[in-house]
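*Asks:* Below is a structure I'd like to ask you about.
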Amino acid sequence: MATVILLRHGRTTANASGTLAGRTPGVKLDAIGRGQAERAGERLGGVRLASVVSSPLERCRQTARLVLAAQSEAPELRTERGITECDYGEWQGRSLGELAKEKLWKVVQTQPSAAVFPGGESLPAMQARAVTAVRRLDAELESAHGPGAVWCAVSHGDIIKSVLADALGMHLDLFQRINVDPASISIIRYTESRPYVLATNTHAGDLSWLSAPPAKARRGSRSAEPSTAGSDGVVGGGAGPAGT
């Protein structure tokens, strides 16, 4: 049961100007975004990260480097194309105000499963490759570092929303109900029976409890916590992680 921390990149110049950056090269964090990423790094400073994996785009790599700077024993930064930004095709580089007037905008808002960006990819294709990448990396890192491994994936808003929707068992058409702010932290723990969403869109709070290795359930016990031990949901909600 490895645990993945999903971190969206900090605010960018494109975010601030209301532009859909997409995969445009050279889009960087602005001053506010750097501060947001530094604060996220501080929150993760008490968590021993087995790996930090970033989208190849510069804004994510900038954010990832600030996270690594706060680690006492920083792993090497890895990049993963599977968690790169959605290919918005001809929408890339245009203002959100202008795009909101397009017929496709309503489809994106109300029926994302039918949305295909002109000259780009569909939202279902985006979700499929992102979920595949995250689950593959999670299994790989658990195998290499053990069930208590915690790792960080630095990615983009729609990517993280789609991965959370999958973990929550939500149809893609409902993923717009999920909010993922710049530099926010969401957390998923995958188990053999199901994923557990431990947090979404958080901006503050101690995360050191994530470094505690999952405790083994006592023999014959059926009260193992999904956040600390077994893969069964605890009836009544349970007591939560130790020490919180």
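*Asks:* Using only Cα atoms and rounding to the nearest 10 degrees, what angle (0 to 90) does helix 31-44 make with the longest principal axis of the chain?
*Replies:* With both axes taken from Cα atoms, the answer is about 10 degrees.
*Asks:* Could you point to the residue in Ser193, Gly41, Gly82 farthest towards the positive end of the chain's charge dipole, with +1 and -1 charges on the Cβ of Lys/Arg and Asp/Glu respectively?
*Replies:* After comparing all options, I get Ser193.
*Asks:* By how many nm would the segment from Ala199 to Leu99 lengthen if fully extended, with 0.36 nm per residue of separation less the alpha-carbon distance?
*Replies:* Extending this stretch completely gives an extra 32.9 nm.
*Asks:* Could you please report the charge total around Arg94, scoring K, R as +1 and D, E as -1 over all other residues with beta-carbon less than 13 angstrom from its beta-carbon? Intermediate values should be presented prior to the final figure.
*Replies:* Working: positive: Lys101; negative: Glu90, Glu98, Glu102.
The answer is -2.
*Asks:* Something else: Could you work out which residue, out of Gly146, Gly233, Gly26, moves most in a Gaussian network model of the chain, that is, has the largest mean-square fluctuation with Cα springs under 10 Å?
*Replies:* In the Gaussian network model the winner is Gly26.
*Asks:* If each of Val116 and Ser143 carries a label point 7 Å out from its Cα toward its Cβ, how far apart are those two points in nm?
*Replies:* Label-label distance for Val116 and Ser143, simple model: 3.5 nm.
*Asks:* Taking the number of other C-beta atoms within 10 Å as the exposure measure, put Val197, Val134, Val116, Val52 in order starting with the fewest.
*Replies:* Result, fewest neighbours first: Val116, Val197, Val52, Val134.
*Asks:* Express in nm, to one decimal, how much length is gained between Ser208 and Thr13 on full extension, taking 0.36 nm for each residue of separation and deducting their alpha carbon distance. Don't skip to the end; give the middle numbers.
*Replies:* Details: separation 195, 0.36 × 195 = 70.20 nm, distance 3.15 nm.
The span from Ser208 to Thr13 would gain 67.1 nm if fully extended.
*Asks:* Follow-up. On C-alpha positions alone, give me the angle between the axis of helix 157-167 and the longest principal axis of the chain, in degrees, nearest 10.
*Replies:* With rounding to tens, the tilt is 40 degrees.
*Asks:* Given the options Leu164, Leu57, Leu99, state which has the largest fluctuation in a GNM of the chain using a 10 Å cut-off (strictly under) for Cα springs.
*Replies:* Answer for the Gaussian network model of the chain: Leu99.
*Asks:* Between segment 1-46 and segment 84-144, how many Å separate their Cα centres?
*Replies:* Measuring centre to centre over Cα atoms gives 18 Å.
*Asks:* Within a Cβ distance under 14 Å of Ser72, other residues only, what is the Lys/Arg minus Asp/Glu net charge?
*Replies:* Cβ neighbours under 14 Å give a net charge of -1.
*Asks:* Then there is this: Size of the dipole of segment 3-211 about the Cα centre, Lys and Arg at +1 and Asp and Glu at -1 on the beta carbon, nothing else charged, in debye to 20?
*Replies:* Working: 24 positive and 22 negative charges, 55 e Å.
Result for segment 3-211 is approximately 260 debye, rounded to the nearest 20.
*Asks:* Just to confirm a number: summing +1 for Lys and Arg and -1 for Asp and Glu over residues other than Thr202 whose beta-carbon lies under 14 angstrom from that of Thr202, what do you get?
*Replies:* That works out to 0.
*Asks:* Only helical DSSP H runs with n ≥ 4 go in: add -39500 (n - 2.57) per run for the chain, normalise by residue count and round the 222 nm mean residue ellipticity to 500 deg cm²/dmol.
*Replies:* Mean residue ellipticity, 222 nm, calculated: -9500 deg cm²/dmol.
*Asks:* Here is a further query. Suppose every K and R has +1 on its Cβ and every D and E has -1 on its Cβ; what is the size of the dipole of segment 21-110 about the Cα centre, in Debye to the nearest 20? Display every interim value, and only then the final one.
*Replies:* Working: 15 positive and 12 negative charges, 26 e Å.
Approximately 120 debye in magnitude.
*Asks:* Okay, next question. If you build the Cα gyration tensor of segment 3-211 and take the root of 5 times each eigenvalue, what three semi-axes come out, in whole angstrom, biggest first?
*Replies:* Each semi-axis is √(5λ); the values are 27, 20, 14 Å.
*Asks:* With a cut-off of 8 Å between alpha carbons and a minimum separation of six or more residues, what is the relative contact order of the chain in percent?
*Replies:* Reported as a whole number, the value is 26 percent.
Any read-out appearing in this document is the output of simple, stated calculations on the displayed coordinates, not a laboratory observation. Values in this document were obtained by computation on a predicted structure and should not be read as measured data. In this analysis, Cβ positions are derived from the backbone assuming ideal geometry, glycine residues included, and neighbour counts consider all displayed protein chains.
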